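Okay, so here's the structure we're looking at.
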Amino acid sequence: MKAQEIKKDIYFVGAKDWNIRDFHGYKVPRGTSYNAYLIIDEKITLVDTVKAPFSQELLTKIKSIIDPTKIDYLICNHVEMDHSSSMPAVLEQTKNATVITDMQGKNSLAQHYDTSDWKIEVVKTGDTLNIGKRTLSFVQTPMLHWPDSMVTYIEQDKLLLPNDGFGQHIAADSIFANENPMDIIFEEAKSYYANILFPFPKQTFNALEVLQNLEIDMIAPAHGCIWQKDEVKKIQELYNDWASGKNENKAVIIYDTMWGSTEKMARSIELELESHNIKVAVKNLKEVDVSEIMTELIDSKYVIIGCSVLNNQILPKMAGFLNYMQGLKPHDKIGFSFGSYGWAKGVLDQLQQPFEALNFETPVDSFTCQYVPTEEDLNELQNKIKELVKK
Ligand code: FEO
């Protein structure tokens with residue numbers, strides 16, 4: 001297990017997690033990686049660590065370059081445990097190292113680990129740390145996506161180390177994005193934004209504004225692959241689009257169904273939308289995971305939700321999806337709901353509640369029918385879709 005040089009004297013010493021498939025509820029079919037970076041300069045600096053089960057792999061990679069006892073600084077850009085839970089193992093080896101983090105990071109570290117004998121230096125936006133030939137500078141990016149989040153920038157290398165920002169959950173063959181199929185890397189970046197950073201568009205804009213003033217030719221995030229050359233600009237543009245709520249002429253239909261009535265309605269809506277040249281994705285919650293749906297939803301203009309009624313409730317997978325979607329706070333959408341009921345029609349009003357909470361436009365009233373939709377019902381439903389697409 002060797003470290004991999006990404007710039008002169010800067011090494012990837014992270015770990016690929018090939019087998020993880022569930023990242024706190026976010027399904028990651030391609031695994032992930034926990035990226036840490038070792039900088040060899042007059043002061044040896046480690047930027048972030050890895051998830052605790054990979055501590056030994058991190059230390060082995062560090063040892064392939066340098067004795068870990070020589071580490072002077074350990075930068076903690078973010079306290080979430082996928083990046084910080086190997087800090088105790090690293091600091092056990094290198095007791096003299098100083099941890100660099102912001103005030104939120106310091107407080108949060110103390111709530112995760114016994115930091116009583118850690119040397120911690122607190123930094124804030126604009127602060128710098130000279131490590132020899134290089135000067136590291138820090139920009140706090142609070143709530144992107146935790147209160148303690150910050151990024152580290154190295155002017156001399158034009159290198160940005162943004163931790164979670166610009167990451168992707170993928171254990172890729174190569175650590176460099178352009179040595180993998182790029183469509184997959186961008187798809188995973190989109191999925192990552194949709195499932196992790198979607199609730200924070202303002203914070204994303206703030207960070208992008210700061211980055212505009214920095215000369216960057218490489219972005220090395222804490223998950224997935226490293227962006228270089230043209231990709232650096234491209235991924236920032238995509239972040240700007242996603243945070244802006246820029247939509248395609250596209251709809252996503254998300255449904256669950258008991259005996260096929262709601263599914264029949266979903267198919268009818270799909271046909272109507274297609275007749276208006278609107279791209280449609282149809283997602284049955286029985287088969288498709290919520291993470292995949294959120295990735296589809298991020299640039300969909302129309303969010304169309306359908307469900308049946310069970311025991312005077314909406315179906316449990318739909319309840320789970322609505323909860324997940326509401327937490328991720330999608331914005332700038334047009335919503336429409338539909339469904340089938342037996343004797344508890346009012347229950348389907350619950351499908352409208354997230355639209356209200358998320359300030360979606362709802363120009364057309366929802367559509368429900370009892371038991372199985374008739375031809376007349378489906379015609380009425382399609383007429384509602386005709387109205388909807390005028391928006
Ligand atoms: Fe990759 Fe917010 O942790």
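The values are calculated or read from the model by the stated rules, or taken from the named source; none is laboratory data. Only a predicted model underlies this, so the values are computations on that prediction, with no experimental measurement involved. Cβ atoms come from the backbone with ideal geometry, glycine included; neighbour counts cover every protein chain shown. Just so you know, the surface numbers come from the protein's heavy atoms only, side chains and all, with ligands and any DNA or RNA stripped out. Shrake-Rupley method; radii C 1.70, N 1.55, O 1.52, S 1.80 Å.
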Problem - Pick from segment 52-82, criterion away from the ligand (no atom under 16 Å from the Cβ) and β-branched (V, I, T), ranking: nearest to V123 (Cα to Cα) - result: I71
Exercise for the section: Hey, can you tell me all the residues within segment 133-159 that are over 20 Å from the mean Cα position of the chain (by Cα), more than 14 Å from I40 (Cβ to Cβ) and open to solvent by less than 20 Å² (accessible area, probe 1.4 Å)? Expected result: F138, Y153
Practice task
Check whether at least one residue in segment 107-122 is in contact (Cβ under 8 Å) with a residue 40 or more places away in the chain, among the aromatic types (F, W, Y), more than 16 Å from the ligand (Cβ to nearest atom) and over 26 Å from Y192 (Cα atoms), and report yes or no.
Solution key: no
Practice task
Mind listing just one residue for me: the one in segment 83-103 that is open to solvent by less than 10 Å² (accessible area, probe 1.4 Å) and either modelled with pLDDT under 95 or within 15 Å of the ligand (Cβ to nearest atom) (or both) and, of those, nearest to F12 (Cα to Cα)?
Solution key: H83
Exercise for the section: Could you check N311 against (1) open to solvent by 10 Å² or more (accessible area, probe 1.4 Å); (2) in contact with a strand residue (DSSP E or B) (Cβ under 8 Å, 6 or more places away or on another chain) and say which number it fails? Expected result: (2)
Exercise for the section: Determine if segment 201-215 includes at least one residue that is in contact (Cβ under 8 Å) with a residue 40 or more places away in the chain, among the hydroxyl-bearing types (S, T, Y) and within 16 Å of the ligand (Cβ to nearest atom). Expected result: yes
Handout entry: Criterion: in the same structural domain as F176 (by TED's automatic domain parsing), in a helix (DSSP H, G or I) and open to solvent by less than 30 Å² (accessible area, probe 1.4 Å) - qualifying residue of L74, L46, L109
Key = L109
Practice task
Determine whether A220 is touching an Asp or Glu at 6+ places or on another chain (Cβ under 9 Å), within 16 Å of the ligand (Cβ to nearest atom) and either within 26 Å of G31 (Cα to Cα) or small (G, A, S) (or both).
Solution key: no
Handout entry: Test for N249: is it surrounded by fewer than 16 Cβ atoms within 10 Å (Cβ to Cβ) and under 24 Å from K390 (Cα atoms)
Key = yes
